[in-house]
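Below is one structure, written out as structure tokens; the observations come after it.
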Amino acid sequence: MPTPTGERDTRTKPSRLRTVGAVALGHFIEVYDLALYGLFVAPISTAFFPAGNAEAALIATLAVFGVSFLSRSAGGLFFGVMADRVGRRNAIMTSILLVGVSTAGIGLIPTYETAALLSPILLVLCRLLQGFAAGGETTVAPVFLGEYASRKRRGFLTSFIAAAGNLGTLAAAATGVIIGLLVDASTFDAWGWRVAFLIAAPLALVGFYFRFKLEEPPAYEAARARVKYASIGTTLRRSRRMILRVSCLGGLGSTFYIMFVYYPTYLVQESDLSAGQARMVPLILISMLVVFNPLVGLLGDRFGRRVPLMLGGLASMLFVLPGFLVARSGGFAAAVLGGMLILISVPLCLGAIHAAAMEFYPTEVRATAGGIASTIGTFSFAGLPPLIVNLLTTQAGLPLSPAFVIMGAAAIGFVAAWGLPDSRKIHLESVESSINEQRETAAGR
């Protein structure tokens, strides 16, 4: 396969498969670690915050979740710059070690009863480090695979990032269910949930090993040999409009974060489900998503990223409110059916968004620009919504507020997707000229 410099790429098909496997495995492990916090919000709030006011403890726990997205935004920018300056491989190796250490650290924090204020302080520090590392992962991993892929298969290969993330969330939910079956409810709340966090340490070492054996993408190696790295200021001047548009695509991801961070808690509060039953619901829902991500990636390669992204935004605006109404009606079946309606948009968005997020910037600043977009998008559309909906639900008495928050974010993402260039035709080695050609063609019609 020719490289951007015209030389022949000596990497074999097994080598490309190993690359996809190593990057996807690492993303699976990182999302497993991140998903645990959202799935175990209830026992975490009991363990690390003062007893006596369950609602206040829950709000504080979700606030810690939101604060971690500040560091996630910073991590996206830091690792984006790192990936452009010293290599994609070094960035994703570092991120997986940090997320493993921080996740296992949460499992070792003493309770509030034992350590008083030190307990929530340590929780915040671990979540900040975890978010920082996750920002690097979500920024650099799609860039790595996208640069490794051919133009005709870029959407398909980067969709495995989303599939691996869904599998990681599925594994986290399954771990919670298994531990819940092995111990009684009081033991689970006392220490059983910590086991899932401690598993993160050996998993991170496995991911680090496979990523250590990776080679840099050919497109990055070629760009590093011929072009000097541009500063953050230069990147903003060259790509500011596209960075803002891509960051607004984050509105299409709010459904995922609200569903898997807040939905189990919502079911306990608003329906008649127990905590154990509520943990089962994400397990069922996520298992339905995994297979669709690569299919949507292929759809994006055939028709462009805009089609699945816009369909996903439209699905959120149409089906989320009916989904929450069904979930509130009570019963396990209603919770699953309501969740299915809410999640119709998720595979459409996640299967295409990783390719769209990396295709519109020059190679020498691709990860940096993606990090800036991540800084804006993740905090605005991933960190804040779960906290906002919990406040609106518990303090303002608006049980359907999650639906309206998702619909508003989806509308922003829909408009952003509408204005995207057709990235199927973009050559990563000549991004700006490819986009300009599309604009000139459109203007001449």
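Which residue pairs have Cβ atoms under 9 Å apart, sit 6 or more places apart or on different chains, and have a first residue in the stretch 183-211 that is in contact (Cβ under 8 Å) with a residue 12 or more places away in the chain and a second that is of a type in the set (K, R)? These pairs meet every condition: F210/R18; R211/R89. Looking only at residues that are of a type in the set (V, I, T) and within 21 Å of V195 (Cβ to Cβ) in the stretch 108-126, which one is surrounded by the most Cβ atoms within 10 Å (Cβ to Cβ)? Ranking the qualifying residues of the stretch 108-126, first place goes to I109. Yes or no: G338 farther than 23 Å from M317 by Cα, in contact with a helix residue (DSSP H, G or I) (Cβ under 6 Å, 6 or more places away or on another chain) and of a type in the set (G, A, S)? It is false that G338 is farther than 23 Å from M317 by Cα, in contact with a helix residue (DSSP H, G or I) (Cβ under 6 Å, 6 or more places away or on another chain) and of a type in the set (G, A, S). Listed by position, the helices (runs of 4 or more DSSP H) enclosed by the stretch 122-232 that each have at least 3 residues that are modelled with pLDDT of 85 or more and among the hydrophobic types (A, V, I, L, M, F, W, C) are 154-182, 193-198, 200-212. Take the conditions (1) within 19 Å of A172 (Cα to Cα); (2) surrounded by 24 or more Cβ atoms within 10 Å (Cβ to Cβ); (3) in contact (Cβ under 8 Å) with a residue 40 or more places away in the chain; (4) not basic (K, R); T61 misses just one of them, which is (3). Residue-level check: of (1) polar (S, T, N, Q); (2) within 27 Å of T265 (Cα to Cα); (3) buried (at least 20 other Cβ atoms within 10 Å of the Cβ), S95 misses just (2). Determine if the stretch 280-296 includes at least one residue that is in a helix (DSSP H, G or I), small (G, A, S) and at pLDDT 80 or above. Checked against the condition, which is being in a helix (DSSP H, G or I), small (G, A, S) and at pLDDT 80 or above, the stretch 280-296 yields no hits at all. Scanning for something in contact with a helix residue (DSSP H, G or I) (Cβ under 8 Å, 6 or more places away or on another chain), more than 19 Å from S401 (Cβ to Cβ) and part of a helix (DSSP H, G or I), does the stretch 259-276 turn up at least one residue? There is at least one residue in the stretch 259-276 that is in contact with a helix residue (DSSP H, G or I) (Cβ under 8 Å, 6 or more places away or on another chain), more than 19 Å from S401 (Cβ to Cβ) and part of a helix (DSSP H, G or I).
I'd like to check something: does the stretch 248-268 contain any residue that is small (G, A, S), touching a Phe, Trp or Tyr at 6+ places or on another chain (Cβ under 7 Å) and more than 30 Å from S45 (Cα to Cα)? No, the stretch 248-268 contains no residue that is small (G, A, S), touching a Phe, Trp or Tyr at 6+ places or on another chain (Cβ under 7 Å) and more than 30 Å from S45 (Cα to Cα). Looking at A116, is it more than 16 Å from the chain's Cα centre (by Cα) and under 15 Å from L214 (Cβ atoms)? When the stated conditions are applied, A116 does not pass them. A333 meets each of the listed conditions (1) of a type in the set (A, V, I, L, M, F, W, C); (2) without any contact (Cβ under 8 Å) to a residue 12 or more places away in the chain; (3) surrounded by 21 or more Cβ atoms within 10 Å (Cβ to Cβ) apart from (3).
With respect to L318, is the statement that it is without any contact (Cβ under 8 Å) to a residue 12 or more places away in the chain and either of a type in the set (K, R) or closer than 20 Å to A410 by Cβ (or both) true?
Working: without any contact (Cβ under 8 Å) to a residue 12 or more places away in the chain: yes; either of a type in the set (K, R) or closer than 20 Å to A410 by Cβ (or both): yes.
Here the answer is yes, as L318 does meet what is asked.
Per the conditions (1) under 18 Å from F28 (Cβ atoms); (2) in contact (Cβ under 8 Å) with a residue 60 or more places away in the chain, the sole criterion not satisfied by T94 is (2). Checking each residue in the stretch 359-377 for being within 16 Å of L252 (Cα to Cα) and crowded, with 24+ Cβ neighbours inside 10 Å picks out A373, S374, T375, G377. The condition (being within 18 Å of the chain's Cα centre (by Cα) and over 22 Å from A171 (Cβ atoms)) is satisfied by just one residue among A382, A373, A315, A333: A373.
The values are calculated or read from the model by the stated rules, or taken from the named source; none is laboratory data. The model shown is predicted, which means the values in this text are computed figures rather than measured ones. In this analysis, Cβ positions are derived from the backbone assuming ideal geometry, glycine residues included, and neighbour counts consider all displayed protein chains.
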